[in-house]
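Take a look at the structure set out below.
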Amino acid sequence: MRGGTSKGAYFLAGDLPADPAARDRLLLRIMGSPDPRQIDGLGGGHPLTSKVAVVSASDDPDADVDYLFLQVAVDASEVTDRQNCGNLLAGVGPFAVDRGLVPAGDRRTSVRIRMLNTGERAVAAFPTPGGRVDLTGDTAISGVPGTAAAVVIEFPQADSPLLPTGNARDTVAGTEVTCVDNGMPVVLVPAAALDVTGYESPGDLEADPELAARLAEIRSAAGRLMGLGDVAGTTVPKPTLVAPPRDGGAVTTRTFIPVRCHTAIGVLGAASVAAGLRVPGGVAEGIAELPDDGGRIRVEHPTGFLDIDVDTESDGTAVTVRRTAVVRTARTIFDGTVFPRPAPRPRG
Ligand code: NQM
């Protein structure tokens with residue numbers, strides 16, 4: 001399925017090995033990793049198209065289904081559950097209804113989702129006319145051609161603190177940043193502090209080895225400060241360059257996930273950016289232009305924008321996020337049987 005601006009393989013948990021190591025080995029063979037082109041598997045040769053959603057009925061009375069997100073590395077034998085994905089999340093509700101895990105309503109269906117990577121919750125609502133999922137519609141989102149049905153995703157208040165370091169600003173690797181987590185650990189870095197404008201294309205930014213080295217240093221130091229430990233080989237936190245808006249939004253962003261530059265921005269990444277703009281004394285002050293009417297924040301990115309509704313409460317220093325919501329679209333591209341690349345034969 002395409003979920004938002006990402007694409008992944010969605011599985012029922014019961015169809016995969018229960019042992020995580022065996023499951024990950026199988027997923028690498030299914031996606032065609034490690035290989036920069038993933039030529040022998042389903043992956044598309046980019047982290048945004050090398051994703052897996054594992055869905056099951058939930059035993060939690062407050063959730064209908066459990067969703068585990070797995071990022072399958074493209075050119076390494078790595079599968080990680082250390083981050084969530086708000087884009088693939090858009091397909092979870094429709095998949096759960098299609099597979100009979102959740103009964104469909106007559107017109108629309110809301111699915112309560114427990115996100116196993118973080119323990120956080122989401123509720124996704126989408127059309128089910130006549131009791132069947134119908135993902136056709138006229139909602140467009142930046143970074144995806146054409147239109148589809150809106151999948152409205154609400155995130156209730158998270159239990160974890162918005163500022164994992166306890167500070168509005170930290171100096172890491174000689175650079176002032178704001179570390180923020182509203183569903184995705186993100187490090188806000190003023191683009192100008194890294195001698196770029198923040199309006200460059202992802203390709204141009206990826207081709208800059210000095211920038212890559214600075215970002216790696218910042219990420220590693222910020223990861224420790226955020227309590228994430230040694231983040232080498234993991235995909236979080238995500239450094240996000242921020243610059244003044246150019247197209248009527250609140251801010252321009254370039255997000256690294258964490259080496260490749262995102263062609264758009266992750267949903268939860270954008271939720272963290274949007275909340276981070278509201279942190280008094282944060283690095284986005286003087287860069288971002290916040291709307292007067294509170295609520296909706298338009299986060300500009302390389303292929304357009306992502307609107308995030310974020311209700312925050314501030315007592316002057318601490319900011320609490322009360323609610324976050326976003327509109328995405330999703331589409332089932334194919335439903336069938338995958339034939340994984342055979343496992344390597346043991347030697348000798
Ligand atoms: O932040 C990419 C994506 C993501 C994650 C990434 C995401 C999110 O665009 O919620 O969706 O940050 O690796 O799918």
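The values are calculated or read from the model by the stated rules, or taken from the named source; none is laboratory data. Here the structure is a predicted model, which is why all the values come from computation and not from measurement. A quick note on method: Cβ atoms are made from the backbone with ideal geometry, for glycine too, and the neighbour counts reach across all protein chains shown.
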Given Pro161, Pro129, Pro145, which one is out of contact with any Pro (no Cβ under 9 Å at 6 or more places or on another chain) and at pLDDT below 95? Pro161
Here the residues within the range 70-89 that are out of contact with any Asp or Glu (no Cβ under 7 Å at 6 or more places or on another chain), part of a strand (DSSP E or B) and surrounded by 20 or more Cβ atoms within 10 Å (Cβ to Cβ) are Gln71, Val72
Residue by residue through the range 291-348, note down the ones that are basic (Lys, Arg), within 22 Å of Ala250 (Cβ to Cβ) and touching a residue at least 40 places away in the same chain (Cβ under 8 Å). Arg298, Arg322, Arg323, Arg328
Just to be sure I understand the filter: pairs with C-beta atoms under 8 Å, separated by 6 or more residues or on different chains, first member in the range 38-60 and over 19 Å from Gly233 (Cα atoms), second member of a type in the set (D, E, K, R) and assigned to a loop (DSSP other than H, G, I, E, B). Which pairs pass? Asp40/Arg341; Gly41/Asp35; Gly41/Arg341; Val55/Arg99; Ala57/Asp64; Ser58/Asp64
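Would you check if Asp40 is at pLDDT 95 or above and within 29 Å of Gly100 (Cα to Cα)? Please lay out each step first, then the result.
Working: at pLDDT 95 or above: yes; within 29 Å of Gly100 (Cα to Cα): no.
Answer is no for this residue.
Does Thr312 satisfy the condition of being assigned to a loop (DSSP other than H, G, I, E, B) and of a type in the set (Ser, Thr, Tyr)? Can you show your working first?
Numbers: assigned to a loop (DSSP other than H, G, I, E, B): no; of a type in the set (Ser, Thr, Tyr): yes.
Answer is no for this residue.
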Unique match (being closer than 27 Å to Arg254 by Cα and either assigned to a strand (DSSP E or B) or among the aromatic types (Phe, Trp, Tyr) (or both)) among Val111, Val152, Val92: Val152
Mind checking whether some residue in the range 315-330 is outside any strand (DSSP E or B) and touching a Ser or Thr at 6+ places or on another chain (Cβ under 8 Å)? no
Among the numbered conditions (1) assigned to a helix (DSSP H, G or I); (2) acidic (Asp, Glu); (3) touching a helix residue (DSSP H, G or I) at 6+ places or on another chain (Cβ under 8 Å), tell me where Glu176 comes up short. (1)
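Every residue in the range 179-195 that is away from the ligand (no atom under 12 Å from the Cβ) and within 13 Å of Thr253 (Cβ to Cβ), please.
Going through the range 179-195, the residues away from the ligand (no atom under 12 Å from the Cβ) turn out to be 179-180, 187-195.
Hits for the range 179-195 are Val180, Val187, Leu188, Val189, Pro190, Ala191.
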At pLDDT 95 or above and either among the hydroxyl-bearing types (Ser, Thr, Tyr) or within 13 Å of Thr178 (Cα to Cα) (or both): does that describe Gly269? no
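Quick one: which of Val79, Val65 is within 16 Å of the ligand (Cβ to nearest atom) and either polar (S, T, N, Q) or modelled with pLDDT of 95 or more (or both)? Before you say what the answer is, go through the steps one by one.
Numbers: Val65 fails: within 16 Å of the ligand (Cβ to nearest atom).
Criteria check complete, one pass: Val79.
Can you tell me which residue within the range 260-283, out of those that are of a type in the set (Val, Ile, Thr), in a loop (DSSP other than H, G, I, E, B) and within 15 Å of Gly304 (Cβ to Cβ), is nearest to the ligand (Cβ to nearest atom)?
Here is the first cut: in the range 260-283, the residues of a type in the set (Val, Ile, Thr) are 263, 265, 267, 273, 279, 283.
Subset that is in a loop (DSSP other than H, G, I, E, B): 263, 265, 279, 283.
Pick out the ones that are also within 15 Å of Gly304 (Cβ to Cβ) and you get 263, 265.
On the way: Thr263: 9, Ile265: 7 Å.
It comes out as Ile265.
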Within the range 1-25, of all residues that are assigned to a strand (DSSP E or B) and crowded, with 19+ Cβ neighbours inside 10 Å, the one farthest from the ligand (Cβ to nearest atom) is Phe11
For the range 112-161, the count of residues that are surrounded by 14 or more Cβ atoms within 10 Å (Cβ to Cβ) and of a type in the set (Ser, Thr, Tyr) equals 4
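Does Met184 satisfy the criteria of being at pLDDT 95 or above, under 26 Å from Phe305 (Cβ atoms) and not assigned by the TED database to the domain that holds Gly295?
Criteria not met by Met184.
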Within the range 90-114, restricting to residues that are closer than 29 Å to Val186 by Cα and touching a helix residue (DSSP H, G or I) at 6+ places or on another chain (Cβ under 7 Å), the one that is nearest to the ligand (Cβ to nearest atom) is Ile113
Might you check whether a residue that is on the phi > 0 side of the Ramachandran plot and away from the ligand (no atom under 16 Å from the Cβ) occurs anywhere in the range 207-216? no
